[in-house]
Amino acid sequence: MSVRRAYAVPLLAVLVASGCGGGASPVGGPAKATLTPSATASTATSSSTSSSTAPSATTSARPSTTPRTRMTTAPTRHTAATQPPPPAAAALSPVPRAGAEPTVRFPRNEPAVGSGANASVAPVPDALWNRMVGYSWTAGCPVGRSQLRYVRVNFWGFDGVRSRGGVVVNASIAGATAAAFTRLYALQFRIRQMKPMDSGWGRNPKGPGANDYAAMNADNTSAFNCRYVGGQEASKVYSKHAYGTAIDVNDFENPYVADNGTVYPDTYFLRRAPAPGVFTGGGSAVGAFTSQGLRWGGSWSHPDYQHFER
């Protein structure tokens, strides 16, 4: 038994040493570091202390998981305040009485339609043509209905009210006529009334056509009227009005001087002083027509201040 005990002790020592990891690692494998209990405790304590006093490298590198709030409201732009345009005039002051007045001071005109001059050009409508036949148009006239146009436009009346009227003109000057009266509206140029020559004026007592003398005395603005030259009917020469290529505006304020010296309809405004509804040489109102290729009769040797033609 003593012999067995002697061999058993060394063998037990070898087995204990091998079980504690002191033996060699497998060939080619890494060596394992073994910490003693004291070293392990020291390392754990150091790690715990470091994590409580400073953020770890892993924590500082990780992006924040807190969602960021985005600006959803567009930035406010600061722009200069724009002043609204002044309101369009609804009415002007009535024109005071002059030294001479037409048969009707403030005619009853149609109300204005739409804003501004609102000019329009259209064929002569049936109702108007029916009133013209036998008066401002008769058989044998140099132009027919198909060559004429009806120009409608707003204007400033002598009563200060925005009104609407129309003239019948040759189709060749319809656009120019609309543009000229649009310009007069912008200038706030006064027009007494604007009615086509038709049965409402009666027949001309001195020849064909509607009664232009009644229209002049009423200070009516008109254009087409198949008649002879005013004051010279014996010549039987058709006026430019018979072709629709002439326009008379504010006859009373802009009189016509015939070749024999007779003044129609009144001599008062031969003084040509600036006044509402009066055309003066070089003025903007005359330019409204001459800029459209129409000639002004006010510059003739026997002036016709109311007259524009092409």
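The values are calculated or read from the model by the stated rules, or taken from the named source; none is laboratory data. Computed from a predicted structure; not experimentally measured. A quick note on method: Cβ atoms are made from the backbone with ideal geometry, for glycine too, and the neighbour counts reach across all protein chains shown.
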field: Residue check for TYR243: surrounded by fewer than 20 Cβ atoms within 10 Å (Cβ to Cβ), over 23 Å from PHE158 (Cα atoms) and touching a residue at least 60 places away in the same chain (Cβ under 8 Å)
entry: no
query: When both residues are 6+ apart or on different chains and their Cβ atoms are under 6 Å apart, which pairs have a first residue that lies in region 127-141 and is under 11 Å from VAL168 (Cα atoms), and a second that is among the basic types (Lys, Arg)?
result: TRP129/ARG145
- prompt: Hey, GLU253 hits all of (1) in contact with a helix residue (DSSP H, G or I) (Cβ under 7 Å, 6 or more places away or on another chain); (2) not in a loop (DSSP other than H, G, I, E, B) but one; which does it fall short on?
  reply: (2)
- request: Check ALA210 against each of (1) over 23 Å from GLU101 (Cβ atoms); (2) in contact with a Lys or Arg (Cβ under 7 Å, 6 or more places away or on another chain); (3) surrounded by 22 or more Cβ atoms within 10 Å (Cβ to Cβ) and name the one condition it does not meet.
  value: (1)
- prompt: What is the residue count in region 158-178 for residues that are among the aliphatic types (A, V, I, L, M) and surrounded by fewer than 18 Cβ atoms within 10 Å (Cβ to Cβ)?
  reply: 2
query: Is region 205-212 home to any residue that is without any contact (Cβ under 8 Å) to a residue 24 or more places away in the chain and either outside any helix (DSSP H, G or I) or of a type in the set (Ser, Thr, Tyr) (or both)?
result: yes
query: Where residues in region 128-157 are farther than 24 Å from ALA112 by Cα and in contact with a helix residue (DSSP H, G or I) (Cβ under 7 Å, 6 or more places away or on another chain), which of them is surrounded by the fewest Cβ atoms within 10 Å (Cβ to Cβ)?
result: PRO142
- prompt: Just a yes or no: is a residue in region 288-299 in contact with a helix residue (DSSP H, G or I) (Cβ under 9 Å, 6 or more places away or on another chain), in a strand (DSSP E or B) and touching a residue at least 24 places away in the same chain (Cβ under 8 Å)?
  reply: no
- line: Apart from one, (1) among the charged types (D, E, K, R); (2) touching a strand residue (DSSP E or B) at 6+ places or on another chain (Cβ under 8 Å); (3) farther than 29 Å from THR138 by Cβ all hold for GLU253; the odd one out is (2)
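On the basis of being of a type outside the set (Gly, Ala, Ser), surrounded by 15 or more Cβ atoms within 10 Å (Cβ to Cβ) and under 24 Å from ALA180 (Cα atoms), does VAL121 make the cut?
Answer is yes for this residue.
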- line: (1) buried (at least 23 other Cβ atoms within 10 Å of the Cβ); (2) out of contact with any His (no Cβ under 6 Å at 6 or more places or on another chain) all hold for ASP248 apart from (2)
field: Failed item in (1) modelled with pLDDT of 95 or more; (2) surrounded by fewer than 23 Cβ atoms within 10 Å (Cβ to Cβ), with GLN232 passing the rest
entry: (1)
- request: Please find, among ASP198, ASP219, the residue that is more than 26 Å from the chain's Cα centre (by Cα), of a type outside the set (A, V, I, L, M) and at positive phi.
  value: ASP219
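Test of understanding: among SER199, SER222, which residue is surrounded by fewer than 17 Cβ atoms within 10 Å (Cβ to Cβ) and at pLDDT 95 or above? Don't jump to the end; show me each part of the working.
Values: SER222 fails: surrounded by fewer than 17 Cβ atoms within 10 Å (Cβ to Cβ).
Among SER199, SER222, only SER199 is surrounded by fewer than 17 Cβ atoms within 10 Å (Cβ to Cβ) and at pLDDT 95 or above.
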message: Residue pairs, Cβ under 6 Å, 6 or more apart or interchain, first in region 160-173 and more than 13 Å from LEU184 (Cβ to Cβ), second at pLDDT below 95 and in a strand (DSSP E or B). List them.
response: GLY160/ALA91; VAL161/ALA91
